[in-house]
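Everything below concerns the one structure shown next.
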Amino acid sequence: MENFPIINLEKLNGEERKNIMEQIKDACENWGFFELVNHGIPHELLDTVERMTKEHYRKCMEQRFKELVASKGLDAVQAEVNDIDWESTFFLRHLPVSNIAEIPDLDGEYRKIMKEFAQKLEKLAEELLDLLCENLGLEKGYLKKAFYGSKGPTFGTKVSNYPPCPKPDLIKGLRAHTDAGGIILLFQDDKVSGLQLLKDGQWIDVPPMRHSIVINIGDQLEVITNGKYKSVLHRVIAQTDGTRMSIASFYNPGSDAIIYPAPALVEKEAQEKNQVYPKFVFEDYMKLYTAVKFQAKEPRFEAMKAVEANVKLGPIATA
């Protein structure tokens, strides 16, 4: 199996630019995932985010998780559990309006650091979308515009901890799924592994690397690229020792954004045969996704095709 794609963004603006762009293109077309090093987010900031996230888990969430496990009898399961994940999570919303101030139990310094981290990730997400535009032959800014909606994109972070699990063969840390949104930026534990993606019928580990950011493609980019880039099934395997930290930030379309394949990427032949992804309002897709997250994505696209006749293109979506 070829090596998981690791891309050094530092070399993007030098003589190796063509080679780096080719690596990004290959990763998007053949993996749906890649790992960024030298991405411009200061290492000190990443270290602080990691330290504070782990402290917050120990102080505010670990005991609650143990109580939940005990109450559901999960520590003594004998058969495979398919309807629950071995994870402890909370969610932060950054755009269009932040809710960081409203999340209970976060101390002031942690709120401030997470806000700063989110701003850096937002900037990185937008830079990456423009690199994808360049590789796809779309005008600069096309993907950002496609995500925009009337209030801009939605952007949020899922902070997860995966504690040690006594029966990792019976309970997944997180069941296999594709991500519903646009582009996902993950800062993960560099000591405790567990994240895997499905490639060519095999589960492959996403290597934990210090100070790296893992990128993956969501369902919306699959639609906009008309399948040129695909969202990929991934999961988290629970481990018996060590708690794995995972901070996944989702740069997604605005709730009222109308998502549809970029006309420049739909071949005439595909259009004639109707081999084109659907057109829909992102919020409608999310309502469906929430109910069937752990099922195959293809029926979701088919369900959206059934309602697309009602979707009217607004002026923003055609920009």
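Brief remarks on what is shown
- Region 47-72: number of residues that are open to solvent by less than 30 Å² (accessible area, probe 1.4 Å) and without any contact (Cβ under 8 Å) to a residue 24 or more places away in the chain: 1
- Only a single criterion out of (1) without any contact (Cβ under 8 Å) to a residue 60 or more places away in the chain; (2) among the basic types (K, R); (3) surrounded by fewer than 16 Cβ atoms within 10 Å (Cβ to Cβ) is not satisfied by K151, namely (1).
- L95 vs. criteria in contact with a helix residue (DSSP H, G or I) (Cβ under 9 Å, 6 or more places away or on another chain) and within 30 Å of K18 (Cβ to Cβ): no
- Helices (runs of 4 or more DSSP H) within region 229-308 that include 1 or more residues under 16 Å from the mean Cα position of the chain (by Cα), without any contact (Cβ under 8 Å) to a residue 60 or more places away in the chain and under 27 Å from P163 (Cβ atoms): 282-292
- Test for K145: is it assigned to a loop (DSSP other than H, G, I, E, B) and over 28 Å from E102 (Cα atoms): no
- Yes/no for P208 being in contact (Cβ under 8 Å) with a residue 24 or more places away in the chain, part of a loop (DSSP other than H, G, I, E, B) and open to solvent by 10 Å² or more (accessible area, probe 1.4 Å): no
- Taken as a whole, region 263-273 holds no residue that is within 29 Å of S212 (Cβ to Cβ) and not aliphatic (A, V, I, L, M).
- Residue count for region 4-41, restricted to those that are touching a residue at least 40 places away in the same chain (Cβ under 8 Å) and either part of a loop (DSSP other than H, G, I, E, B) or of a type in the set (S, T, Y) (or both): 6.
- Unique residue being in a helix (DSSP H, G or I), among the hydrophobic types (A, V, I, L, M, F, W, C), touching a residue at least 12 places away in the same chain (Cβ under 8 Å) and open to solvent by less than 10 Å² (accessible area, probe 1.4 Å) when the list is L221, L185, L197: L221
- Checked against (1) under 18 Å from I247 (Cβ atoms); (2) among the aliphatic types (A, V, I, L, M); (3) in a loop (DSSP other than H, G, I, E, B), L138 meets all criteria but (1).
- Scanning region 159-182 for residues that are open to solvent by 20 Å² or more (accessible area, probe 1.4 Å) and of a type in the set (D, E, K, R) turns up K167, D169, K172, R175.
The values are calculated or read from the model by the stated rules, or taken from the named source; none is laboratory data. Quick caveat, the model's predicted, so the values are computed rather than measured. Don't worry about glycine lacking a Cβ; one is built from the backbone with ideal geometry, like all the others, and counts go over all protein chains shown. Heads up: the accessible areas ignore ligands, DNA and RNA and are worked out on the full protein's heavy atoms, side chains in. Shrake-Rupley method; radii C 1.70, N 1.55, O 1.52, S 1.80 Å.
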